[in-house]
């Protein structure tokens, strides 16, 4: 690329669908398959044609986001060029991008923080169109935004939550724009027109203004589209990613492992059955327990319990088993304690 690629990641939402975990940390820092969803997202950019010629723009929320995300980036990605913009009012996606307009010049790639896809970005240095939208066919598009494409393969318009089931090309939340200034100009017009939904400015409406102005945007198909925006979706993503990992836990004499699993080397596990689809974080202590289809975050202690379809935050304590015949399903945030009478 002739210019530095700007990678912008909006992550300022309150994460209400991931409560109680997002009371204590931003949604991208929730663990899935052995590391945070933020780290899984950053792995996507390894296929960029010039990964060293990039700048990252993280749009974070106030309070937790503006403190924890910069600290995490400095610790885990000290070599990247990173800018942080705080979105204090949740006025939508276009509003978030417009707050970061001073950084969004030249080519830019935007992806939402709870979107995990499998794609190859290496073509971007050869891309001739004005923009690209990543899409995936879905049987029922009514929950998503979709792309309507003409006979030549160009996007005619984007439609938010269509009622027509035949319009099934869901946009997955990843876009490339050859010129960030053009997008900012379209967002300005969107705001002048006051084109919004439920008091939020959606990005699809700004993109439609670009298309009205004659921009040529095409679609790029993805086969895998994962989500970490809800508890159920995060557990499904955990199971999928564990299956794709080339990971074999060390053998432990009193532990039965049912792959796929991830057990951090620092975790102390004894007299337990782990898996399938279980992720055990660092410094956890698991004893006399059965854990399947679950994520257990760092520093948590679980004793004499059976868990399934559970997301347990960091530094928690779970003791006892209320039902000897069935495993329990828990959703508890950081620093919580659940002690059942036995």
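The values are calculated or read from the model by the stated rules, or taken from the named source; none is laboratory data. Keep in mind that this is a model prediction, so the values were computed, not measured. Neighbour counts run over all protein chains shown; Cβ positions are idealised from the backbone, glycine included.
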Task: Index of the failed condition, residue 44 passing every other in (1) modelled with pLDDT of 95 or more; (2) surrounded by fewer than 23 Cβ atoms within 10 Å (Cβ to Cβ) - done: (1)
- [ ] Might you check whether a residue that is modelled with pLDDT under 95, touching a strand residue (DSSP E or B) at 6+ places or on another chain (Cβ under 8 Å) and surrounded by fewer than 20 Cβ atoms within 10 Å (Cβ to Cβ) occurs anywhere in region 88-97?
- [x] yes
- [ ] Look at residue 188 and say whether it is more than 30 Å from residue 139 (Cβ to Cβ) and surrounded by fewer than 22 Cβ atoms within 10 Å (Cβ to Cβ).
- [x] yes
- [ ] Name, by its number, the condition in (1) more than 16 Å from residue 145 (Cα to Cα); (2) surrounded by 15 or more Cβ atoms within 10 Å (Cβ to Cβ); (3) within 25 Å of the chain's Cα centre (by Cα) that does not hold for residue 196.
- [x] (1)
Task: Residue count, region 114-167 (criterion: at pLDDT 80 or above, in contact with a strand residue (DSSP E or B) (Cβ under 7 Å, 6 or more places away or on another chain), part of a loop (DSSP other than H, G, I, E, B) and under 30 Å from residue 22 (Cα atoms)) - done: 3
Task: Meets criteria (surrounded by 21 or more Cβ atoms within 10 Å (Cβ to Cβ), farther than 20 Å from residue 43 by Cβ and touching a strand residue (DSSP E or B) at 6+ places or on another chain (Cβ under 7 Å)) for residue 106 - done: no
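Being assigned to a helix (DSSP H, G or I) and more than 25 Å from residue 120 (Cβ to Cβ) is the filter here, so list the residues in region 51-92 that pass it.
Keep residues of region 51-92 that are assigned to a helix (DSSP H, G or I), which gives 64-76.
Across region 51-92, the qualifying residues are 64, 65, 66, 67, 68, 69, 70, 71, 72, 74, 75.
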- [ ] Determine whether region 213-221 contains at least one residue that is closer than 29 Å to residue 26 by Cα, over 22 Å from the mean Cα position of the chain (by Cα) and surrounded by 21 or more Cβ atoms within 10 Å (Cβ to Cβ).
- [x] no
Open item on the list: So in region 1-34, with the set limited to residues that are under 12 Å from the mean Cα position of the chain (by Cα) and assigned to a strand (DSSP E or B), which one is surrounded by the fewest Cβ atoms within 10 Å (Cβ to Cβ)?
Closed with: 9
